[in-house]
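The values are calculated or read from the model by the stated rules, or taken from the named source; none is laboratory data. Note that this is a predicted model, so its numbers are computed, not measured. Note that each Cβ is placed from the backbone with ideal geometry, even for glycine, and that neighbours are counted across all protein chains shown.
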Amino acid sequence: MADAIRTQIVGLRELKAKLLKLSDVGEVMGSALLAGGYIIEGGAKIRCPVDTGNLRGSIGARRLSQDDRSASVMVGTGVEYAAAVEFGFHGVETVRAHQRRSPLGGMHTVRQHSRSVHRAARPYLRPAFDESRGIVLETISAQLRRALQERAR
């Protein structure tokens with residue numbers, strides 16, 4: 001994933017002050033961010049174009065880092081062609097040698113070769129983020145508030 005999309009919950013100073021008093025604030029924040037990430041993941045999987053299903057199946061939300069006072073979560077995929085699908089691709093690609101079924105029956109070997117490719121962008125991840133931003137922030141806020149209420153008891 002080449003670019004990261006960062007977002008903040010703005011206007012929740014009281015919530016932040018209360019969170020920072022918790023001994024496990026990183027864990028609480030990580031869980032809340034992951035809940036938001038799962039929403040984006042679901043939207044991306046719905047919007048993702050499908051050929052073999054490999055790209056859609058590889059989309060996931062996971063914690064990148066977590067310490068005593070912070071956490072970060074990533075939603076994305078490690079599939080090598082994901083960026084070409086999201087942003088499009090115009091250039092030359094190399095096709096590896098492979099076996100191909102002949103229309104007359106039997107198999108034959110296709111040698112490695114290059115070809116010019118012009119694929120339009122088919123965004124799935126950014127639209128999922130943009131369209132779910134409000135509900136993601138609400139979910140994160142609700143998770144943080146719930147964690148504070150549970151610990152206040």
**OP:** Check the range 78-101 and report whether any residue there is surrounded by 10 or more Cβ atoms within 10 Å (Cβ to Cβ), touching a His at 6+ places or on another chain (Cβ under 6 Å) and closer than 30 Å to residue 40 by Cα.
**Re:** yes
Picked from the range 95-114 (must be among the hydroxyl-bearing types (Ser, Thr, Tyr) and at pLDDT 90 or above), the residue farthest from residue 38 (Cα to Cα) is 109
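If you go through the range 106-141, how many residues are small (Gly, Ala, Ser), free of Cβ contacts under 8 Å to residues at least 24 places away in the same chain and part of a helix (DSSP H, G or I)?
So the count comes out to 1.
Looking only at the range 51-72, count every residue that is β-branched (Val, Ile, Thr) and either at pLDDT 95 or above or crowded, with 16+ Cβ neighbours inside 10 Å (or both) and tell me the total.
Result for the range 51-72: 1.
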Residue set 92, 75; condition touching a Lys or Arg at 6+ places or on another chain (Cβ under 9 Å), at pLDDT 95 or above and assigned to a strand (DSSP E or B); output residue 75
Within the range 115-128, residues at pLDDT 95 or above and either in contact with a Ser or Thr (Cβ under 9 Å, 6 or more places away or on another chain) or more than 26 Å from residue 88 (Cα to Cα) (or both) come out as 125
Those residues of the range 46-57 that are without any contact (Cβ under 8 Å) to a residue 60 or more places away in the chain and either under 9 Å from the mean Cα position of the chain (by Cα) or part of a loop (DSSP other than H, G, I, E, B) (or both) come to a total of 4
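Checking the conditions here, which among 45, 16 is modelled with pLDDT of 95 or more and basic (Lys, Arg)?
Every option except 45 fails the conditions.
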